[in-house]
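Data block below; observations after.
Please treat every number below as a calculation from the coordinates, not as lab data. Since the structure is predicted, the reported quantities are computational estimates derived from the model, not experimental observations. Note that each Cβ is placed from the backbone with ideal geometry, even for glycine, and that neighbours are counted across all protein chains shown.
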Amino acid sequence: MEKINIAVDGFSSCGKSTIAKGLAKELGYTYIDSGAMYRAVALLAYRNGWMTDAEINEARLQKHIPEIEISFETNSEGQQETYLNGENVEKEIRSLEIGNGASRVSTLGFVRRELVRQQQAMGKKKGVVMDGRDIGTVVFPDAEFKIFLTATPEVRAQRRFDELQAKGNPVSYEETLANVRERDERDTTRTESPLRKAADAIELDNSHISINEQLQWAIDMFNKITKQK
């Protein structure tokens, strides 16, 4: 069967990566976490002092953005890990601080243009499942299968809180909920590639359905779409 590209977009903490990873594994496709790429940029900006909690030195970041190379490798346990200029940064980029930083740098046009360029190159040969905020609208506007995930802010905050607690990150539920709402506002109102549902995307509210149910739904939709091709 001829391979296609699959775009999975949606709000933060909607389980985009969980569905995208599961779908890629089921289909034998390559999974790409576009959000991890923005997190990697944020990490580098924090490390070098180009970004603080108060501001971003856009001139310095723009000067160095062409030097940033982000790649993904699978570890011995079959888990995908993010590499920034050859360094494994998977653990560092998963903090709440870096997640918020990623949302901030994603508003910058020069950052988005460079990462979109890298993402589009990854999908040239098809057979890619990529998740993010603008995959179906900007990165792969011609993707044959587009999913848009949503859930209530409270449900998403609880999921994120549980994940952070499991990783040993000291954060409260209230702080996590505030962060979710802040990111929603930033993601949907930014000038450069705001979060929105593509006209041809299929929406799924996963507030009250299990991961297995979501994955089965996605597989059923994939089979339906590919049979029509």
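Summary of values
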| read-out | value |
| --- | --- |
| Peptides ranked, highest mean first, by Cβ atoms within 10 Å: ranges 121-128, 208-215 | 121-128, 208-215 |
| Extended-chain gain in nm, criterion 0.36 nm per residue less alpha-carbon gap, R181 and N88 | 30.5 nm |
| Rounded tilt (10° steps) of 96-105 against the dominant C-alpha axis of the chain | 90 |
| Convex hull volume per residue in cubic angstrom - Cα atoms of the range 6-224 | 125 |
| Selected from R196, R160, R60 as most flexible by GNM, with the chain as the system and alpha-carbon contacts under 10 Å | R60 |
| Residues F110 and I219, FRET efficiency given R0 of 25 Å [Cβ-Cβ distance, rounded to 0.05] | 0.10 |
| Cross-link pairs beyond the 18 Å C-alpha cut-off, checked among K91/K126; K3/K124; K91/K197; K25/K197 | K91/K126; K91/K197; K25/K197 |
| Nearby aspartates and glutamates by direct alpha-carbon distance to K125 (threshold 13 angstrom, same-chain neighbours under 8 apart not counted) | E2 |
| Cα long-axis angle, helix 173-189 against the chain (0 to 90 degrees, to the nearest 10) | 80 |
| Rounded D (µm²/s) - the range 1-128, Kirkwood Rh over Cα pairs, Stokes-Einstein at 10 °C, 1.306 mPa s | 103 |
| Normalised contact order of the chain, rounded percent, pairs of Cα under 8 Å and 6 or more residues apart | 32 |
| Alpha carbon centroid spacing (whole Å) that separates the range 109-135 from the range 182-229 | 17 |
| Inter-probe distance in nm under a simple model that places probes 7 Å from Cα toward Cβ, at K167 and D205 | 2.9 |
| Student exercise, the chain dipole from Lys, Arg, Asp, Glu Cβ charges, in Debye to nearest 20 | 600 |
| Two-site label geometry, T152 and K124: point separation in nm, points 7 Å out along Cα→Cβ | 4.6 |
| Fraction of antiparallel bridges per DSSP, the chain only, in percent to nearest 5 | 30 |
| Burial order of peptide ranges 73-79, 179-185 (average beta-carbon count within 10 Å, highest first) | 179-185, 73-79 |
| Calculated [θ] (222 nm, deg cm²/dmol) that DSSP helices of n ≥ 4 give over the chain, each run adding -39,500 (n - 2.57) | -14500 deg cm²/dmol |
| Label-point separation in nm, N212 to T189, each point 7 Å along Cα→Cβ | 4.2 |
